[in-house]
Each structure stands twice: as C-alpha cells, then as structure tokens.
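Here is the structure we will look at.
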Number of protein chains: 2
Amino acid sequence: LPVRLVVLGAGRVGGAMVADLVADGEFEVTVADVSAQALKRPAVAGAARKVQADLADPAAVSQIAAEHDLVVGAVPGPIGFQTLKAVVQAGRHYVDISFFEQDPFELDTLAKDRGVVALVDCGVAPGLSNLILGHHDAASDYIDRFICYVGGLPAVRTGPFAYRAPFSPIDIIAEYTRPARYVEGGELKVAEALEQLEQIQFPEVGTLEAFLTDGLRTLVNTVQVPDMREKTMRYPGHADRMLFLRELGLFSEEPIDVEGVTLAPVRLTAKLLFPFWRFQPGEADITVMRVEVDAASDGVRSRHVYDLLDHYDPKTDTQSMARTTGYTCTAMVRLVARGLYAAPGISPPEYVGRAPGCFESVLADLAARGVSLAKS
Amino acid sequence: LPVRLVVLGAGRVGGAMVADLVADGEFEVTVADVSAQALKRPAVAGAARKVQADLADPAAVSQIAAEHDLVVGAVPGPIGFQTLKAVVQAGRHYVDISFFEQDPFELDTLAKDRGVVALVDCGVAPGLSNLILGHHDAASDYIDRFICYVGGLPAVRTGPFAYRAPFSPIDIIAEYTRPARYVEGGELKVAEALEQLEQIQFPEVGTLEAFLTDGLRTLVNTVQVPDMREKTMRYPGHADRMLFLRELGLFSEEPIDVEGVTLAPVRLTAKLLFPFWRFQPGEADITVMRVEVDAASDGVRSRHVYDLLDHYDPKTDTQSMARTTGYTCTAMVRLVARGLYAAPGISPPEYVGRAPGCFESVLADLAARGVSLAKS
C-alpha cells in the first residue's frame, strides 16, 4: 500500500511540496487548507484528496493527521507549534516547515512517548544549513566555526529597495528588530540585528551584503561549535536603509500619539512598504546561500564551503523560495517515509545530518530538482 | 526725534533684530509679540517698549503700526501676508522677513497708493542673494546665469541625519516636496525638489551636497536671466535619505487608513524627526551660502562668486541663522529709515540691490557684525 501523506497548508510552499510529492508516484497525497481558493492552486491539482479544514483548530489537525501515515506541515508560523503538538498527540510522524518562535523541544518527551518522528525547521536556513552542519559534526573530530549566509531576493533589482519579501513586511521587519543570537569564543552572545555588516562576492549574483540575524535557532543548544553565526544577505544598501528606518523609530511596536491618533509606527511602515516589497505576478526570485564549516579530523583542518544559487521556475510559476524550502522538506519526508530516519522525538535537521546516508539522500533529491549545492 | 520702530515678533530672529537695532542708538525700538515668555527673551531687554499683542489679528497689527514710523516683520509665515497688508493699510513703511507663500505683488498697487515703502523677503536667501543679483543686474549689460547655494546646518554632525532644523520638521519637509521652479534656456521649468544633486567643496566646511529647492521666489518674474537656480546645501547623504522617505510615502499629506486609524504619514514622520532635528540648547549652527552671477559688461564676461560662512555666537546665544537673516533685514531697515531706499510699492531685495549705494551699505553693515561675504 502507498504511504498516505497529508500536506497541511496549500500556500506557495505547501503547493510546491504537494506537486513534488505527487510526482514521486509512491505516495497518496492529501492536501488540507482553510481556503477553497488555495485548494484550487494548479500546483495541488494532482492531490488524491483535498480537504477544506480550519488548521488553526488543533482538533481538526489531529483528526486529519489520524487519517494519514505521515504529516507535512506548511502552516503559518503563529499556529506552527500548536499544529506540531496536535500531530504528535495524534501519534503521526511529522515533517515541518512552519517556522514558529517556540522551542520545539518542549514537545520532545511527548513525541518520544508516542514513538513519533518529528522533524522541524526543514527549510533552507534553518533547514539545509543545519543538515550540512550535522553532517560535518558527525564526520569530524571537532568543528571550529559555522557560518550561514542566506537570502531570498528578487532576480531583478527594482525601485528604491531592490528588495521583495516572500512574506508580509511586518515579518521581515521582525527579523530586523529581534535581537540576534550568535556564538563567539564558545559563548552565546546577543547583538542587534543588522549588525556585523560585511560584503560578500557571490558567483553569478555579484556583490551582496550580509548582516547578523537571529537564525541559529536550535543550533545554539544542539551542537558544540565555538563560533556560529547566521547572516542574512541582501543587495548592497539594504541594511543602511533598514537601520535608518529603525533608528528613526519607524519599526517601533510602541504606540505613540500623533495629533490625537494612536498608532504603532511599524504598522504605518509595513503598510507603506507593502507595495514596494510585494512580488509582482510572475516576478522571478532567487535564493542564495553560502555555508562555511571549519572542521578538523585526524589533525587535519579543512574549510568546507557550500554555495547554493537557485532560480524561479517560470514553467510552473514556482518561486525559488518555494523550491528550495519545499524540496528540502520533501526530501526529509522521503527519509522518514522510507525509514532512513527513524529516531523518535523532536529532530531538527542537524540531527538528520548526523544520521548515516541522510545528508547524501537530501542532496541527491535536491539535485534531481535542479537545486544544487556547489561544494568548494 | 529718533525714528520709532516696531519689530513684530520676538522669536529668535526678531529678538536678534531688536538687539541689533537698539545697539544702533538712533532708533526708539518697540517689540511686539503674543507671548509674554518671548518678550522676556534677553535679546529684547533693551527695547524701549514691549507690547503683548495678538499679531494674528490684522486690526491689532494696523494699530501698532500706526503708532510707529517704520515696521519690521518677523512673524510666522502663515500670517506674513495679512501682516504685510495690515501694515500697508496703516500707511507705514515695512521691512519684512516673514516668508509667506502668497505673491507680495498683489499688494503693490495698494502700497504705491499709500506711498508705502515695503521691502519683502529680507533674509539671506531669499534676501541677500537677491540683493547680489540686483546689484549685478544694474551694473552689467546682461546676466547669463545666477545660482544660489544656501544652507543652515549644525556646526557638528551628529546622529543619523547630521542635520538640525531651525524650523519645525514639517516646514523642512515642505521644502522637499514643493515643486522646484528654476529657469533654463530662458524658460521657467519645474522639477521635483531634491533633484539636480551635486557636490560642492566649501572652504572650512568641506564637501557638501546641493539639490534643487523652490527658492527663486520673486526672481522668476523680476529679472531677465536665462539660467537661474536655487539649491539647498546639506552635509552629504541627506538628499538620499530624504528622497528615500519621500518615495516610501512618508512625506505624504494624504491621509491613509492604517488598521482602522486615519493619518497623513507626514504627521508621524515629522513627529519622529523632531527629536533628531531639534537644536539642543546652546548647540552651534552655521550658515553657508554661495552665489554665482555670470555677467557681461562692455563685451567682457565675468563670473562673480560670493561665499558666506557664518557661525553661531556663543556670547549672546545667537544662532547663525538669526544673525545672517536678521542682520540682513536690519541693514535694509537702515536703508529705509535713512531714506537711502525710498521707492513706494512692494520691493523684493533685487530692487534694493539695483538702487545706488544700497548693496554696499548692506554689505558694510553685515561686515560690521562679522557676517562677511568673500568675493572671488
């Protein structure tokens, strides 16, 4: 019998995952979403079953999960944690890309008790970057340094921002205001986002800038690496403008009085940014990532550098952001479906990277879809 | 008998003018303001009479004017035109620095009928710049080109703006949004403010940037010069940031809805800019101006360049902005009081500059107060 999968969420990423998993031919794929409109998305046309359900209701999620062997999560971040919990409670394996703020390990004991394999943060970064680090962590005596540069960008630079956001402006602004954790000299440190600005030369793309953001997530607890950073990449000039808006107070969540009207400045800013940052229909994006791992084995030190450059697919109107995050997630789904990764409990991708064969399998799946990591 | 003068407005500029006119010893100086607080300003301590009156009421202005021989205007721009009219109707000579938007020539016939000498725009630019052009206009066969670069700046560059505003942010923003008129090839043209950005090397100050603003005022009608521009100078980087805020929509006067609240974005922007742009008590400012006049006489073409660099006076806590605008105005007051300029009707400073001896007299008065125009 085929493995029965359900993909929760038929958004851009969920849709790309449904299309990819259906194409495998080895799964019976259901897709669930609250929006009838989303369920009409061409990408999900091949699904065996379409379920219109309110995924913000954990009882509905548990019920849908119970009807399938494996659950794939692509729901909005704010309901990500409750959805993980609902699936675990239903006793079903879960592979998730619904980045949420809470600590997934709060559900580790529950998942182990239920014998559930629950993979979280299965995108690009966090996701693929963690997988790379986990792989080298297992293959090396020790790792000195890890840095992940990552960015989603419009392919063509347009307007005063040369930027488009795959999410709403308010979520991007949150990345620029949230204190950024990093590890230096073996100590966990916190800086302001947008600090530690540097320039990066990226093949085929040119000069980019990179700045600190709070993207290490689980890595600050799961690996012993004395120097770790995650940096976001943008076209040059972006950080300066964001710093400027932040310093002016336009990113503030604190409501202020303006001539009798009370408003948090960030609300106005997000509203004004929206038309500038919105991808136009059919507008091409790119995903860029560079991961550097400094490792030592048998006394030999090496720097492993991985470069990823992926493009929008005009044939299927699939954004690169959806390709890179979605196909990493579906590659993880195959690991679980085929029993190649079977550790009960919560597993971030660095755990998966440590397990024999998993790293190679995910990279092979990505390569087959045109997402290739160049190693140097 | 001494000439009885009244200075309308005891603000920073009005105060500096009162102190300057009192020091002459040849005038009996009254100062009028609605604010009791303003009338306690040390600068106006030497006035013979202090009148607390609502200058927004034209009847009050006419009454005060009638009690004096000559009126000096330093009221807020929005009531500048009605104040001019009230003084003219009272039949008193007027020297004004209260820049207003309306066309002063609407009152020219009335002023001529009453035999009133009314000098308007008697500051630095407009003001001194017009005087220079008028002087060369009278002394030359023709003038090819006039450009005025002018800026008021903090002496020390601080914070994300390296700028302080002598007026409220909303008035500065208005200069960055008002279409800028200029003359090119003999035609009146209109560009957006902040356009035609260039860099200027200014002695002792260093590199500044200059961009088009709508500062030609009366000159577009009163002189025949085929190429005329007024540009505002700032420390480098200012125009880029202002363009950015403008393009983002943050200078818009158009109210928009933000999550149920209706607000013109510029209101929030002005509120957020205020603490950054406000001069701190005792903070030093500078005034920079460069005027270039390309003139021809008897077949000889010359470029006349005037540079002005003036500083805050810490002894009397007088801002350079108040010194340069105020002392230009008081120099014009002396011309009228002494009968050196006596043409009835509305006279912008270019008319004064054309009259024999006036240009030299104003420059001598300014030099005596440490405001010197370097000519090259």
Checklist entry - So which aspartates and glutamates can A:LYS50 reach, going by Cα to Cα under 17 Å and dropping same-chain residues fewer than 8 places off? => result A:ASP20, A:GLU28, A:ASP33, A:GLU67, A:ASP69
Checklist entry - Taking each residue of B:262-273 in turn, how many C-beta atoms of other protein chains fall within 10 Å of its C-beta, and what is the average? => result 5
Next on the checklist: Using a 10 Å cut-off around each Cβ of peptide A:246-254, what is the average number of partner chain Cβ atoms that fall inside?
Outcome noted: 3
Checklist entry - Between their Cα atoms, which of B:LYS40/B:LYS315; A:LYS85/A:LYS112; B:LYS85/B:LYS112; A:LYS40/A:LYS85 are more than 20 Å away from each other? => result A:LYS40/A:LYS85
Checklist entry - So what are the ³J(HN,Hα) numbers for region B:37-53, from phi and the Karplus equation (6.51, -1.76, 1.60; θ = phi - 60°), rounded to whole Hz, Gly and Pro as x? => result 4, 4, 6, 8, 3, x, 4, 9, 4, x, 5, 5, 8, 10, 10, 8, 8
Checklist outcome for this item: Quick shape check on region B:160-205: root eigenvalues a ≥ b ≥ c of the Cα gyration tensor, a/c under 1.5 is rounded, otherwise prolate if a/b tops b/c, else oblate, and it reads oblate
Next on the checklist: Kirkwood hydrodynamic radius, computed over distinct alpha-carbon pairs, for chain B: how many Å, to one decimal?
Outcome noted: 21.3 Å
Checklist outcome for this item: Rounded to a whole %, the carbon-and-sulfur portion of the accessible area of the protein assembly as shown at a 1.4 Å probe is 51 percent
Checklist entry - Taking the convex hull of the alpha carbon atoms in region B:316-366, what volume per residue do you get, in Å³? => result 84 Å³
Checklist entry - Whose amide H sits under 5 Å from the amide H of B:VAL72, counting only residues 5 or more places off or on another chain, with H placed in the peptide plane? => result B:VAL6, B:VAL7, B:LEU8, B:VAL95
Item to check | Total accessible surface hidden between B and A, rounded to 100 Å², 1.4 Å probe | outcome: 2400 Å²
Checklist entry - Leaving out same-chain residues fewer than 8 places away, which lysines sit with a Cα under 19 Å from that of A:LYS271? => result B:LYS271
Item to check | Calculated from backbone phi, Karplus (6.51, -1.76, 1.60) coupling profile of region B:301-318 in Hz, x at Gly/Pro | outcome: 9, 9, 9, 9, 10, 10, 10, 10, 9, 10, 10, 3, 9, x, 5, 10, 6, 9
Item to check | Nearest-10 value in Å² for the accessible area of B:HIS93, using the 1.4 Å probe | outcome: 60 Å²
Checklist outcome for this item: For region B:230-376, averaging the sequence separation of alpha carbon pairs under 8 Å that lie six or more residues apart and dividing by its residue count, the contact order in percent is 17 percent
Item to check | Cβ-isolated cysteines (cut-off 4.7 Å), chain B | outcome: B:CYS148, B:CYS358
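Using only the Cα atoms, work out Rg/Rh for region A:199-259, with Rh taken as the Kirkwood radius, to two decimals.
Radius of gyration over Kirkwood radius for region A:199-259 works out to 1.13.
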Checklist outcome for this item: chain B: relative contact order from alpha carbon pairs under 8 Å, six or more residues apart, as a whole percent, is 20 percent
Checklist entry - Under 5 Å between amide H atoms, partner at least 5 residues away or on a different chain: which partners does B:ASP121 have, H built in plane at 1.01 Å? => result B:ASP96, B:SER98
Item to check | Residue of B:GLU67, B:GLU101, B:GLU254 that the Gaussian network model of chain B assigns the largest fluctuation, springs spanning Cα pairs under 10 Å | outcome: B:GLU254
Checklist entry - For region B:194-311, what is the accessible area per residue in Å² when the probe is 1.4 Å? => result 40 Å²
Next on the checklist: Given axes a ≥ b ≥ c from the Cα gyration tensor, I'd like to know whether region A:107-213 is rounded (a/c under 1.5), prolate (a/b larger than b/c) or oblate.
Outcome noted: prolate
Checklist outcome for this item: Amide H proximity to A:SER372 below 5 Å, modelled H, separation 5+ or other chain, gives A:LEU309
Checklist outcome for this item: Expressed in angstrom and ordered largest first, the alpha-carbon extents of the protein assembly as shown along the principal axes are 113, 51, 47
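Can you give the relative contact order of region A:265-316 as a percent, counting alpha carbon pairs under 8 Å and 6+ residues apart?
34 percent
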Checklist entry - By its C-alpha gyration tensor, with a ≥ b ≥ c as the square roots of the eigenvalues, how is region B:229-327 shaped: rounded for a/c under 1.5, else prolate for a/b larger than b/c, else oblate? => result oblate
Checklist entry - With charges set only on the Cβ (+1 for Lys and Arg, -1 for Asp and Glu), what does the dipole of region B:60-132 come to about its Cα centre, in debye to the nearest 20? => result 140 debye
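Between B:ASP108 and B:ALA296, what length comes free when the chain is fully extended (0.36 nm per residue of separation minus the Cα-Cα distance, one decimal in nm)?
So the extension gain works out to 64.6 nm.
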Checklist entry - If you look at just the Cα atoms of region A:27-138, how large are its Rg and its Dmax in Å? => result 14.5, 45
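The values are calculated or read from the model by the stated rules, or taken from the named source; none is laboratory data. Since the model is a prediction, treat every value here as computed from it, not as a measurement. Cβ: placed from backbone, ideal geometry, glycine included. Neighbour counts: every protein chain shown. Just so you know, the surface numbers come from the protein's heavy atoms only, side chains and all, with ligands and any DNA or RNA stripped out. Shrake-Rupley method; radii C 1.70, N 1.55, O 1.52, S 1.80 Å.
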